[in-house]
Amino acid sequence: MTASRPPTTAEELRAAGLRATAARVALLETVRQGGHLGAEDLASEVRRRIGHVSLQAVYEALHALTGAGLVRRIAPAGGPARYGGRVGDNHHHLVCRSCGAVADVDCAVGEAPCLTPSDSHGFVIDEAEVVYWGRCPGCSTSRSS
């Protein structure tokens, strides 16, 4: 009996109906490393890994990866969109008002949608997005000093 191995990033891309280009593989792996980076920071990291890639190509790849459900886009108010590799579960985000750090936080309720609106206006609701705002440990420590 042979143990099955997890799919490679390229295999995951193909299974989602996407071409497995070097830029997409590097981008998806970078997003999955964490940090909730924006497109420009992701582009810099992809360039470090594979060489030249345009910012436009990164935006197009992020759009495709998000559409395929491989990446989650979050857009905290007043800041650029960020991208996370944790998908397929019901989690929310903590955002630092000072430095902009973003962290995942599990939903206290568990199943989606974890909130019920007072009036659904006929919508069939399948998700609620919650963003908690505050100060991260580093910023709250430096502010109280």
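Just a few scattered comments:
- Odd one out for residue 71, checked against (1) at pLDDT 85 or above; (2) under 30 Å from residue 14 (Cα atoms); (3) out of contact with any strand residue (DSSP E or B) (no Cβ under 7 Å at 6 or more places or on another chain): (3)
- Test: residue 46 is crowded, with 16+ Cβ neighbours inside 10 Å, more than 27 Å from residue 129 (Cα to Cα) and at pLDDT 95 or above: yes
- One residue stands out among those in segment 84-102 that are open to solvent by less than 60 Å² (accessible area, probe 1.4 Å), free of Cβ contacts under 8 Å to residues at least 40 places away in the same chain and closer than 27 Å to residue 12 by Cβ: the one that is nearest to the chain's Cα centre (by Cα), which is 87.
- Residues located in segment 22-34, provided they are touching a residue at least 40 places away in the same chain (Cβ under 8 Å) and over 14 Å from residue 87 (Cβ atoms): 24, 33
- Every residue from segment 1-20 that is without any contact (Cβ under 8 Å) to a residue 12 or more places away in the chain and outside any helix (DSSP H, G or I): 1, 2, 3, 4, 5, 6, 7, 8, 19, 20
The values are calculated or read from the model by the stated rules, or taken from the named source; none is laboratory data. Predicted model, so just to flag it, every value in this text is computed and none were measured. Neighbour counts run over all protein chains shown; Cβ positions are idealised from the backbone, glycine included. All accessible areas refer to the heavy atoms of the entire protein, side chains included, with ligands and DNA or RNA removed. Shrake-Rupley method; radii C 1.70, N 1.55, O 1.52, S 1.80 Å.
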